[in-house]
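Here the structure comes first, spelled out in C-alpha cells, and everything after it is commentary.
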Amino acid sequence: MAAKKEFKVIIEQDEDGYFVASVPALPGCHTQAKSIHELRKRIREAISLCLEVAKTDAQYSKQVREFSYEPSFVGLESIQLI
C-alpha cells in the first residue's frame, strides 16, 4: 500500500470569481475552477500529474527540491489606507 501524501493548498478567488489553487510544495502546480467542489477535484489531478512528472523528469524533480516550500499559515489581514 502506498504511503499517503499530504500537501498544503493555497486557495484564492480572483477578480472574475474563479477559485485558484496552488501547491507551494510542487512548483508550477496550480489550477482554477468556478466552484470549490470542482477546484478540489482539479487540484487533486494537478498534484497527481506533478508527482508523476517528478518521477521521470530530472529537471522538474530538481525544481521541486530547490524551490518548493511548506507554508505555515500565520493569518490573514485586511489593511485599509486612507
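Here, each number is a calculation from the coordinates, and none is a lab measurement. Not measured: the values here are computed from a predicted model. Please note: Cβ atoms are built from the backbone with ideal geometry, for glycine as well, and neighbour counts cover all protein chains shown.
Observations
- Counting neighbouring Cβ atoms within 10 Å and putting the fewest first, the residues 60, 69 line up as 69, 60.
- Residues listed by number, segment 11-43, amide nitrogen under 17 Å from residue 69 label point at 7 Å toward C-beta: 11, 22-29
- Nitroxide proxy distance, nm - points 7 Å out along Cα→Cβ at residue 8 and residue 76: 1.5 nm
- Within the chain: Cβ-based charge dipole about Cα centre, in debye rounded to nearest 20 (Lys, Arg +1; Asp, Glu -1): 460 debye
- Sorted fewest first by neighbouring Cβ atoms within 10 angstrom, 31, 56 come out as 56, 31.
- More than 18 Å apart - percent of Cα-Cα pairs taken over the chain: 52 percent
- Look at 65, 44 and count the other Cβ atoms within 10 Å of each Cβ; fewest to most, that gives 65, 44.
- Amide H contacts for residue 29 (H built 1.01 Å from N in the peptide plane; partners 5 or more residues away or on another chain; cut-off under 5 Å): 23.
- The long axis of helix 36-56 is offset from the longest Cα principal axis of the chain by roughly 30 degrees.
- With a threshold of 24 Å on the Cα-Cα distance, the over-threshold entries among 8/55; 8/62; 5/62; 4/34; 34/55 are 4/34; 34/55.
- Here's the picture: charge each Lys and Arg Cβ at +1 and each Asp and Glu Cβ at -1 in the chain, and of 46, 72, 56 the one pushed furthest to the positive end of that dipole is 56.
- The angle between the Cα long axis of helix 58-67 and the main principal axis of the chain comes to about 40°, on a 0 to 90 degree scale.
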